[in-house]
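Working notes, structure below.
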Amino acid sequence: KNYLSWSSVRAELVISDPELVKKVLRNSENFFPKRKLSDIGEKLLGNGLAFIEGEKWAKHRKLADKAFHGERLKNMTPTIIASVETMLEKWKAQESKEIESEKLEKGIQDCVMEIIKKTENKVVSGEADSFGDDYLGLLVNAYHDLNDKNKLSLEDLVGECKTIYFAGQSTLGSLLSWIVLHLAIHGDWQEKARREVIDIFGNQNPLLEGITKLKTMFMIINGTLRLYGPINGLPREVAREVQLGKLVLPANIDILVLNSGLHRDPYLWGDDVNLFKPERFSERIAKATNYNATGSGPRSCVGMTFAMIETKVVLSMILQRYTVTLSPMSTLQYLLFPLYHNMEFK
């Protein structure tokens with residue numbers, strides 16, 4: 001469950017023992033700070049909330065908590081629906097293009113700056129009387145704040161925009177892709193989910209009040225997250241020599257909390273650990289395993305509730321319009337994969 005590996009020239013302790021994971025994530029004495037981004041990672045992802053520490057993290061987290069809380073989440077639902085409608089209209093036209101990282105960085109930077117300028121110009125022209133109370137509005141407002149304690153630099157503002165985009169886009173895209181694949185493979189669960197959506201919303205767009213009633217979808221989402229989570233692990237580093245369980249860790253060694261190791265541990269989930277069984281979560285997350293839920297400590301994802309709402313809205317609108325099936329080639333690949341995966345090459 002715990003082993004030493006190497007990432008380039010740096011030693012990395014990979015852990016999936018629940019008790020050790022709990023100690024690392026709680027990190028009450030700041031022994032295990034976040035790992036720093038590489039230069040290219042910072043340029044592309046932005047050195048935002050997910051990667052910063054200390055007072056800077058506290059200031060940015062306070063802004064984010066305001067944006068992803070209570071009534072503000074409810075107000076985001078129409079925007080999510082409009083975005084999904086656009087996606088569904090253009091689904092057939094989607095295509096992926098490879099692009100050089102330098103061009104990608106400049107494109108992202110220009111796009112973010114354009115969005116910020118549009119927000120500012122609405123206030124300057126009198127079209128709006130404030131920058132808004134969504135996350136972007138709160139960030140821009142902090143950028144213009146006259147109090148140095150609350151003020152964000154332009155670099156911080158752009159960094160947060162990049163971080164929040166990639167944090168939401170890549171993780172949610174991965175999750176939705178795996179869910180749709182599982183629904184295509186497990187038609188019975190797809191039908192259960194569709195009946196639930198139709199019973200609650202009919203053919204109307206989802207309402208936030210009904211989102212919490214989607215029990216079957218809750219099970220499907222968590223069943224997928226367990227098997228194919230959007231991130232493989234949580235990287236940390238050791239700030240100074242510390243004892244972790246029976247291990248004495250030197251300063252400056254890297255740690256990877258291996259999510260996939262926890263999620264595929266037969267001791268926690270049973271001998272059928274590798275099976276897609278959403279019914280594990282019929283009594284919510286706490287009773288799904290043989291172990292109390294670890295959680296992610298004080299650094300729990302600020303956008304987690306928003307992401308869950310967004311996922312349920314997207315899936316509801318897809319299920320109202322489409323039946324998802326595997327193409328013949330995909331079915332063949334799916335059937336052959338376990339055989340290929342278990343082959344021994346001698």
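Ranked by the mean number of other Cβ atoms within 10 Å of their residues, highest first, the peptides 228-238, 308-318, 174-184, 202-212 fall in the order 308-318, 174-184, 228-238, 202-212.
The residues of the stretch 212-305 present an accessible area of 53 Å² per residue when probed at 1.4 Å with all protein chains retained. Between Asn274 and Val248, the simple spin-label model (points 7 angstrom out along Cα→Cβ) gives 4.0 nm.
Amide hydrogen proximity for Leu244: with H placed 1.01 Å from N in the peptide plane, the residues at 5 or more positions away or on another chain lying under 5 Å are Leu249.
Remark: spin-label model distance Lys66-Glu127 equals 2.3 nm, labels positioned 7 Å along the Cα→Cβ axis.
A protection proxy built from the mean count of other Cβ atoms within 10 Å ranks the segments 145-154, 244-253, most packed first, as 244-253, 145-154. The modelled label-to-label distance between Met87 and Asn290, using points 7 Å beyond Cα along the C-beta direction, is 3.7 nm. Think of a 1.4 Å ball rolled over the protein heavy atoms: the stretch 116-175 then has 57 Å² of accessible area per residue. Our estimate of slack between Phe166 and Leu4, defined as 0.36 nm per intervening residue step minus the Cα-Cα distance, is 55.4 nm.
Straight Cα distances below 17 angstrom link Lys117 to the lysines Lys106, Lys162, with same-chain residues fewer than 8 positions distant left out. Using θ = phi - 60° in the Karplus curve 6.51 cos²θ - 1.76 cosθ + 1.60, the 3J(HN,Hα) couplings for the stretch 279-286 round to 4, 3, 9, 5, 10, 6, 6, 4 Hz; x is entered for Gly and Pro. Using θ = phi - 60° in the Karplus curve 6.51 cos²θ - 1.76 cosθ + 1.60, the 3J(HN,Hα) couplings for the stretch 180-193 round to 4, 4, 5, 5, 5, 6, 10, x, 5, 5, 4, 5, 4, 5 Hz; x is entered for Gly and Pro.
The values are calculated or read from the model by the stated rules, or taken from the named source; none is laboratory data. Everything quoted here is computed from the prediction, not taken from an experiment. No Cβ is skipped: glycine too gets one built from the backbone with ideal geometry, and neighbour counts run over all protein chains shown. Keep in mind that these areas ignore ligands, DNA and RNA; they rest on the heavy atoms of the full protein, side chains included. Shrake-Rupley method; radii C 1.70, N 1.55, O 1.52, S 1.80 Å.
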